[in-house]
Amino acid sequence: MQHTLKYVSIQHELGMAIGMALRLHPMLSAFSRVTLRRLGLAAIHFHFVQRHDDLSPADGSAGNPTLTHYLSVPHNASMTPIPDLPALDGNRVECAYRLEHGIEADSHFYSFNLGRIGIITLQRMQTGLEQPIIELLKPLMARLGVSCRASLEHEELLVAVAARHKAEETILFQLRHDDLTHLPNRRQLMQTLEEMRATEIANRSLGALLFLDLDRFKMVNDTLGHSVGDRLLVEVARKLERVVGERGIVHRLSGDEFVILLGNLGGDLEQARSRVDHLLEEIRAEFSDSMIAGEHRLHVTPSTGIELFPDGDCSAEQILRRADTAMYQAKLAGLNSSVYYDRQLSSDLERRREIEKDLQSALKDTAQFELHYQTQHDLDGSCIGAEALLRWHRPGRELLATDLFVSIAEETGLMLDLGRWVIDRACEDIRQLQTRALPPGFRRISINISAVQFNHADFVETLLGAIERHEVDARLVAIELTESALIRNSHGAAAKMALLHEHGIEVAVDDFGTGYSSLAYLSQLPVETIKIDQSFVRDIDSDSGNQAIVGTIIALGRALDIDLIAEGVETESERATLQRIGCTQYQGFLFSRPVPLATLIDAWLGNQCA
């Protein structure tokens, strides 16, 4: 009876010790301490099935499991050899107990199967365990195996939850931060700006948004490559963070554009501006030193636009746009400048800035661009050529004058990309005309080339490459240049024009008489055609002054054996006056408005030159 009560007590206490903790290691440690005390054991050792990907226990149902040591209690107990059990069967509990000699004197080791989880080995010194104790341990070890499995599943769930939480944190960080610099991005900026705006309104205080754009950064990308440019952007981000510190938040908007948000500048306008000015001075001082980007030591400066807020009911988007407009004004003021938003000067600047951004987007989706063609005619009215004129169809916006957006493209460095598109599309169109509908006596399609484009090192290669790619007869191609493009680099211009002339490509001087007209450059450069500017053609039938100017240009052209075309001819009276004073080639609304290629082809196929 006494032995029975002892066995029941042991079974009860050991049973209560199972599952005292959710985590596997604490649970086994607690069970082991009770078992050591009640059974007089020297140590308990746990060996579990080893995962192949980490050190945590696994289910050993598949394949031949490998057992590895997981835990010994006490932790400094001598390791027992790994039990040699042929298989782990979770449906029953087996006891492989045996007496081992040579490890420790009179050590007894009893190994119990924990199902598919692993094995527990009890180590007892001197005398072994009584047989009834071994028997009552079998169902307890079965329960322990179930508890181990539950703990493993719980830990796996915790790991999965932690991994999911980490993944969500990573996704959220990536959603709100820039991949390159790890600064908050535009999405986070707009959220923070809206919150800061509401706070400043509530506190009757002022905040500031500083919009920074790096001067000459495009040159770094173009000459040294984007990898160097990216390293430079990272260094700029770190510099800005060091300068701003706890006073504000630095964001990367896109490309080389950064935004600094400052809050709680006080309710006094002058005090707020003073604090912003102080920060601007610190930024200038920081950027006065060069930066290391890879193997290159580079020096860049920011142009900064500033908007103080709140200003009435101005939204977060409007605050950002105003600072952007002020930054554009700073760019015009010169390198390393800063300008506060001034609504008196903002209207035209905002429009130009809007056009610039739309133009950048359009160059990624060139379907917005189209070439129209205005025909050129001789004295008999026959069509002898056409000028390719660029049109930009801005979605949902008004049609812009070509001169306006071309000038913006030249100022902002977008002209090269735009010009390459024009050349490629014109050659593609010429190919269609060449194979379908050229009228008799047709000489050329003229392509307008900007000074920026013509003076670029790869201009001739670009033009000849497009001609070759589209299999165009180069003699059908002409380029139109302004006088300023020719004067700016007359020596380089002469070499390029001579090379074009070798391929049969004509060069015309556009808007002649409005720039640097002189006998010198006309006599030195291989110019085939002069186009008389429409300002001299307008009202020529009644304006004696214009008649005198055009007469002089015609005499100059004849003396140098250069063709002449009068632009902007709108009335028969103007054409007759031009004919009378010696001009026999014309372009203008009298003959045709600029039309799409399809319209031009239809007209020519119908034996009409519209």
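Tell me which residues, restricted to the stretch 569-583, are more than 15 Å from residue 545 (Cα to Cα) and more than 53 Å from the chain's Cα centre (by Cα). Of everything in the stretch 569-583, those that are more than 15 Å from residue 545 (Cα to Cα) and more than 53 Å from the chain's Cα centre (by Cα) turn out to be 572, 573, 575, 576, 579, 580, 582, 583. Listed by first and then second residue, the pairs linking a residue in the stretch 438-457 that is more than 14 Å from residue 374 (Cα to Cα) to a residue that is of a type in the set (S, T, N, Q), with Cβ atoms under 6 Å apart and 6 or more places separating them unless they lie on different chains, are 441/382; 451/484; 455/489. Residues in the stretch 111-163 that are open to solvent by less than 10 Å² (accessible area, probe 1.4 Å) and in a strand (DSSP E or B): 9 in all.
This table checks each residue for (1) surrounded by fewer than 20 Cβ atoms within 10 Å (Cβ to Cβ); (2) touching a helix residue (DSSP H, G or I) at 6+ places or on another chain (Cβ under 6 Å).
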{"position": "393", "(1), (2)": "yes, yes"}
{"position": "397", "(1), (2)": "yes, no"}
{"position": "400", "(1), (2)": "yes, no"}
{"position": "407", "(1), (2)": "yes, no"}
{"position": "411", "(1), (2)": "yes, no"}
{"position": "417", "(1), (2)": "yes, no"}
{"position": "421", "(1), (2)": "yes, yes"}
{"position": "425", "(1), (2)": "no, no"}
{"position": "428", "(1), (2)": "yes, no"}
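Scanning the stretch 535-548 for residues that are open to solvent by 40 Å² or more (accessible area, probe 1.4 Å) and either within 53 Å of the chain's Cα centre (by Cα) or within 22 Å of residue 386 (Cβ to Cβ) (or both) yields 535, 538, 539. Taking residue 275 as the residue in question, decide whether it is out of contact with any strand residue (DSSP E or B) (no Cβ under 7 Å at 6 or more places or on another chain) and either open to solvent by less than 30 Å² (accessible area, probe 1.4 Å) or not in a loop (DSSP other than H, G, I, E, B) (or both). The answer is yes for residue 275. Restricting to the stretch 234-255, what's the tally of residues that are hydrophobic (A, V, I, L, M, F, W, C), open to solvent by less than 40 Å² (accessible area, probe 1.4 Å) and touching a helix residue (DSSP H, G or I) at 6+ places or on another chain (Cβ under 9 Å)? Qualifying residue count for the region: 6. When residue 380 is tested against (1) outside the structural domain of residue 587 (by the TED database); (2) free of Cβ contacts under 8 Å to residues at least 24 places away in the same chain; (3) farther than 29 Å from residue 449 by Cβ, only condition (1) is not met. All of (1) open to solvent by 10 Å² or more (accessible area, probe 1.4 Å); (2) farther than 14 Å from residue 216 by Cβ; (3) not β-branched (Val, Ile, Thr) hold for residue 309 with one exception: (1). Hey, could you check the stretch 177-195 for residues that are within 26 Å of residue 230 (Cα to Cα) and open to solvent by 80 Å² or more (accessible area, probe 1.4 Å) and say which is nearest to the chain's Cα centre (by Cα)? Residue satisfying both the conditions and the ranking: 179. Taking residue 304 as the residue in question, decide whether it is open to solvent by less than 10 Å² (accessible area, probe 1.4 Å) and within 30 Å of residue 604 (Cβ to Cβ). Answer is no for this residue. Does residue 466 satisfy the condition of being touching a helix residue (DSSP H, G or I) at 6+ places or on another chain (Cβ under 6 Å), surrounded by fewer than 20 Cβ atoms within 10 Å (Cβ to Cβ) and assigned by the TED database to the domain that holds residue 565? No: the conditions fail for residue 466. Would a scan of the stretch 581-590 turn up a residue that is without any contact (Cβ under 8 Å) to a residue 60 or more places away in the chain and under 13 Å from residue 529 (Cα atoms)? Yes, the stretch 581-590 contains a residue that is without any contact (Cβ under 8 Å) to a residue 60 or more places away in the chain and under 13 Å from residue 529 (Cα atoms). Looking at this structure, is residue 212 in a helix (DSSP H, G or I), within 29 Å of residue 331 (Cα to Cα) and open to solvent by less than 60 Å² (accessible area, probe 1.4 Å)? Answer is no for this residue. Beta carbons closer than 7 Å, at least 6 apart along the sequence or on distinct chains, pair a first residue in the stretch 216-244 that is free of Cβ contacts under 8 Å to residues at least 40 places away in the same chain with a second that is assigned to a helix (DSSP H, G or I) and open to solvent by less than 50 Å² (accessible area, probe 1.4 Å) for 221/229. For the residues 87, 77, 96, the requirement of being among the hydrophobic types (A, V, I, L, M, F, W, C), at pLDDT below 80, in the same structural domain as residue 138 (by the TED database) and not in a loop (DSSP other than H, G, I, E, B) singles out 96. Report yes if some residue within the stretch 340-350 is more than 30 Å from residue 423 (Cβ to Cβ) and touching a strand residue (DSSP E or B) at 6+ places or on another chain (Cβ under 8 Å); otherwise report no. Taking every residue of the stretch 340-350 in turn, at least one turns out to be more than 30 Å from residue 423 (Cβ to Cβ) and touching a strand residue (DSSP E or B) at 6+ places or on another chain (Cβ under 8 Å). Cβ separations smaller than 6 Å between residues 6+ apart or across chains give the following pairs from the stretch 31-50 residues that are over 14 Å from residue 107 (Cα atoms) to residues that are in a loop (DSSP other than H, G, I, E, B) and open to solvent by 40 Å² or more (accessible area, probe 1.4 Å): 47/82; 49/65; 50/66.
Checked across the stretch 360-373, the condition of being over 22 Å from residue 453 (Cα atoms), touching a strand residue (DSSP E or B) at 6+ places or on another chain (Cβ under 7 Å), modelled with pLDDT of 90 or more and aliphatic (A, V, I, L, M) holds for no residue. Just need a number here: residues in the stretch 337-372 that are buried (at least 16 other Cβ atoms within 10 Å of the Cβ) and hydroxyl-bearing (Ser, Thr, Tyr). Of the residues in the stretch 337-372, 5 are buried (at least 16 other Cβ atoms within 10 Å of the Cβ) and hydroxyl-bearing (Ser, Thr, Tyr).
I'd like the full set of residues that are open to solvent by 60 Å² or more (accessible area, probe 1.4 Å) and in contact (Cβ under 8 Å) with a residue 12 or more places away in the chain, limited to the stretch 289-298. Break it down into steps so the answer makes sense when it comes.
Start the filter on the stretch 289-298 by keeping residues that are open to solvent by 60 Å² or more (accessible area, probe 1.4 Å), which leaves 289, 292, 295-297.
292, 296 - these are the residues of the stretch 289-298 that are open to solvent by 60 Å² or more (accessible area, probe 1.4 Å) and in contact (Cβ under 8 Å) with a residue 12 or more places away in the chain.
Among the residues of this structure, residue 218 does not count as one that is at pLDDT 95 or above and assigned to a helix (DSSP H, G or I).
Among the residues of the stretch 534-550, are any under 29 Å from residue 428 (Cβ atoms) and assigned by the TED database to the domain that holds residue 438? Yes, because at least one residue in the stretch 534-550 is under 29 Å from residue 428 (Cβ atoms) and assigned by the TED database to the domain that holds residue 438.
Select from the stretch 475-484 the residues that are surrounded by 17 or more Cβ atoms within 10 Å (Cβ to Cβ) and under 24 Å from residue 428 (Cβ atoms) and write down the one among them that is modelled with the lowest pLDDT.
481
The values are calculated or read from the model by the stated rules, or taken from the named source; none is laboratory data. It should be emphasised that the depicted structure is a prediction, and the values quoted were computed from it without experimental measurement. Positions of Cβ are backbone-derived with ideal geometry, glycine not excepted, and every protein chain shown enters the neighbour counts. Please note that ligands, DNA and RNA were not included when accessible areas were found on the heavy atoms of the full protein model with its side chains. Shrake-Rupley method; radii C 1.70, N 1.55, O 1.52, S 1.80 Å.
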